[in-house]
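Take a look at the structure set out below.
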Amino acid sequence: MNLTDSTWAIEADGLVKTFGANRAVDGVDLRVASGTVYGVLGPNGAGKTTTISMLATLLRPDAGTGRIFGHDVVKEPQIVRQLIGVTGQYASVDETLSATENLVLFSRLLGLGRAEAKRKAAELLEEFGLTEAAKRPLKQFSGGMRRRLDLAASLIAQPPLIFLDEPTTGLDPRTRAQMWDTIRRLVSSGSTVLLTTQYLDEADQLADRIAVIDRGRVAAEGTADELKASVGSSSLQLRLAEPRDLGDAQAAIERVLGVRATTSPEAGRLTAPMQDADRVTELLVTLREAGIHLTELSVQKPTLDEVFLTLTGHGVETDDSVDDDSTEPQLEGSRA
Amino acid sequence: MTTATIVPGAERALKNHVSLGQTVRNSLSMAYRGLLKIKRTPEQLVDVTLQPILFTLMFTYIFGGAIAGDALSYLPFFLPGILVQTVITTSVVTGVQLREDMDKGVFDRFRSLPIARVAPLAGALLADTVRYGIATTLTFVTGYLMGFRPEAGFGGVLAASVVVIVAAWALSWIFAFFGVIARSAGSVQGISFLVLFPLTFLSNAYVPADTMPDWLQWFVGINPVSHLVTAARGLTMGTDVTGDLLATLLGAAVVVAVFAPLTVRAYMRKA
């Protein structure tokens, strides 16, 4: 075994997956170092889930290679499965069984003895604060409890690599924060975590490095700070009274803030990354002197939309039916 | 959270194949899941509780007089036949329920675990032998209440039951295959009954074959269901049916040998 094998938890080279005419994943390269949290950020249909499915041996790549701790996902799938835990909307628990029964079943499948499996189940339920709900049918579980049980089930074998597919989508803010804590504790025990998310702040909070995925490709990769630097720590949005002033306004922004503003699909709208919110005063003075009138002005923390706009030059696709994530549209309401 | 540190991937002893012992253990664990499911949703047992009673009563009184003079004389001939028909029909339900089950997220987790690939399917099919057992018991009990007294006694009934259940389990691999490749549970039922009706009705399950046209007699003769019915009939009557018994068991083995790998392959390819 050479050095590269043990350094990288995940090596993906040119992964491709096509569903009919749709190239869901179109040449994804990833390098995830052992013991780190890696965030894969992107909107619905970007190819996040499909990428994870291929790395977790659930889907066979049409092209490209994936290696988990040096083991090829196609040639040595059974070894890869011994090294990973998968949690996501798709790889969930059995709804007809209780929490304890689920954990006992998975423990037994992973080779634990009867008594050992019971002990492990009790231990995990305790750890994830589910002891009181252990015997209740899963239908009565809240979204947060379901996710915790999902996560507990993927930790039975203490896998060195854990895939978390949108671990907090659809959760309320408080439950979301609890989930973040859980993930942080997980990493402190030495696991490598690959998580996908639609939320920039989630990737920011948890991930050491982030890959932004768009239309099946990696649009940008780096640390949270590097990505943020490219979009600015906050973003300035302007709507002009006269759309024909667009060019002049863009020039003024470039002069004053030193950044290039992107025009939104909607006419008369400008978005610019900004490092220092104070500079907005100077810009407003400049615009007034130039006779450019505004109908709307706001300074916001960058959203996923801005990251996308800046990195890819187009907005987030609103069409949810594109591919793999289309199965959970009901969770979309909570995205705002 | 556990304080124990995770053993790094590079330092683990790993194998890329699953031993036979592990396959059996995994399948038994999955069968245990199947049993828990039956316990949780007893309403899905309707087909194996009501149907055997209803069919046995109905067909005995419809066909009995016409074929054997009276219902009671028809029973020794008919009961093994309706038993085979009922249990095989139940094995179709196995395929349908497997399809429904596979649409759930938990099957994706099974596929991500380092377990034998065949286990989730074999376990589900194994747990369903409980359903066949229930159907078998109720058919015989109904028959007994109607006056059925098999010559070979309880031992013969038991032997016939085991043979029918084994055959149904083997057949359920065919319907499991349909279950895996079909798009919906409804279509599984459609395809399966299309296969099932000719097989069970064009056999000697309901009537002796000697009044049928030659070509049909030929088909009834080679129909595996006829061999199974003859074997079950012989075991309950205490006659020698070694030939049919061997043909049935051989047929069952061939079906499993062909369809189990096919089904697992299709299951693994399913995205």
Report task. Over the alpha-carbon set of region B:13-52, work out the extent along each principal axis and list the three values in angstrom, largest first. Result -> 51, 19, 12
Query raised in the report: Which of the lysines could a cross-linker span from B:K15 if the Cα-Cα distance has to be under 23 Å and same-chain partners fewer than 8 positions apart are dropped?
Result: A:K75
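Can you check what the Kirkwood hydrodynamic radius comes to for region A:35-102, Cα pairs only, in Å to one decimal?
Working: mean 1/r = 0.0727 Å⁻¹.
Taking the inverse mean of 1/r over all distinct Cα pairs, region A:35-102 comes out at 13.8 Å.
Obtain the radius of gyration and the Kirkwood radius of region A:1-140 from its C-alpha atoms and give Rg over Rh. Display every interim value, and only then the final one.
Numbers: Rg = 17.8 Å, Rh = 17.1 Å.
Rounded to two decimals, Rg/Rh equals 1.04.
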Report task. Assuming 1.306 mPa s and 10 °C, estimate D for region B:41-104 with Stokes-Einstein, Rh taken as the Kirkwood radius over Cα pairs, in µm²/s. Result -> 121 µm²/s
Query raised in the report: Rg and Dmax of region A:144-210, Cα atoms, in Å?
Result: 11.2, 30
Query raised in the report: Can you list the residues, at least 5 places off or on another chain, whose amide H is less than 5 Å from the amide H of A:R217, using H built in the peptide plane?
Result: A:D26
Report task. Report, in deg cm²/dmol and to the nearest 500, the calculated mean residue ellipticity at 222 nm for chain A, where each DSSP H run with n ≥ 4 adds -39500 (n - 2.57) and the sum is divided by the residue count. Result -> -10500 deg cm²/dmol
Requested in this report: Can you tell me the equivalent ellipsoid semi-axes for chain B? Use √(5λ) from the Cα gyration tensor, largest first, whole Å.
Outcome: 40, 19, 17
Requested in this report: Report the far tail of the P(r) of the protein assembly as shown, meaning the percent of Cα-Cα pairs longer than 32 Å.
Outcome: 57 percent
Query raised in the report: How many percent of the alpha carbon pairs in region B:65-184 exceed a separation of 16 Å?
Result: 64 percent
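Rounding to the nearest 20 debye, state how big the charge dipole of region A:3-70 is about its Cα centre with +1 on each Lys and Arg Cβ and -1 on each Asp and Glu Cβ.
Values: 6 positive and 6 negative charges, 37 e Å.
It works out to roughly 180 debye.
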Requested in this report: Name the lysines eligible as straight-distance cross-link partners of A:K228: C-alpha to C-alpha under 29 Å, and not fewer than 8 places from it in the same chain.
Outcome: A:K48, A:K301
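Counting only other chains, what is the mean number of Cβ atoms within 10 angstrom of the Cβ of each residue in peptide A:74-81?
On the way: counts 0, 1, 4, 6, 9, 7, 5, 7.
What the average comes to for A:74-81 is 5.
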Report task. Can you tell me the order of B:74-80, A:57-63, A:296-302 when each peptide is scored by its average per-residue count of other Cβ atoms within 10 angstrom, highest first? Result -> B:74-80, A:57-63, A:296-302
Report summary line: For region A:9-100, averaging the sequence separation of alpha carbon pairs under 8 Å that lie six or more residues apart and dividing by its residue count, the contact order in percent is 29 percent
Query raised in the report: Hey, can you rank B:137-147, B:231-241, A:163-173 by average C-beta count inside 10 Å, highest first?
Result: A:163-173, B:231-241, B:137-147
Query - Per-bin percent of Cα-Cα distances, chain A [20 Å] - result: 29, 51, 18, 2
Query raised in the report: Out of A:T197, A:S142, A:L125, whose Cα points farthest toward the positive end of the dipole of region A:74-230 (charges: +1 Lys, Arg; -1 Asp, Glu; placed on Cβ)?
Result: A:L125
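We did not get these values from a lab; they are worked out from the coordinates using the rules stated. Please read these numbers as outputs of a predicted model, since none were measured by experiment. All Cβ positions, even for glycine, are placed from backbone atoms using ideal geometry, and neighbour counts span all protein chains on display.
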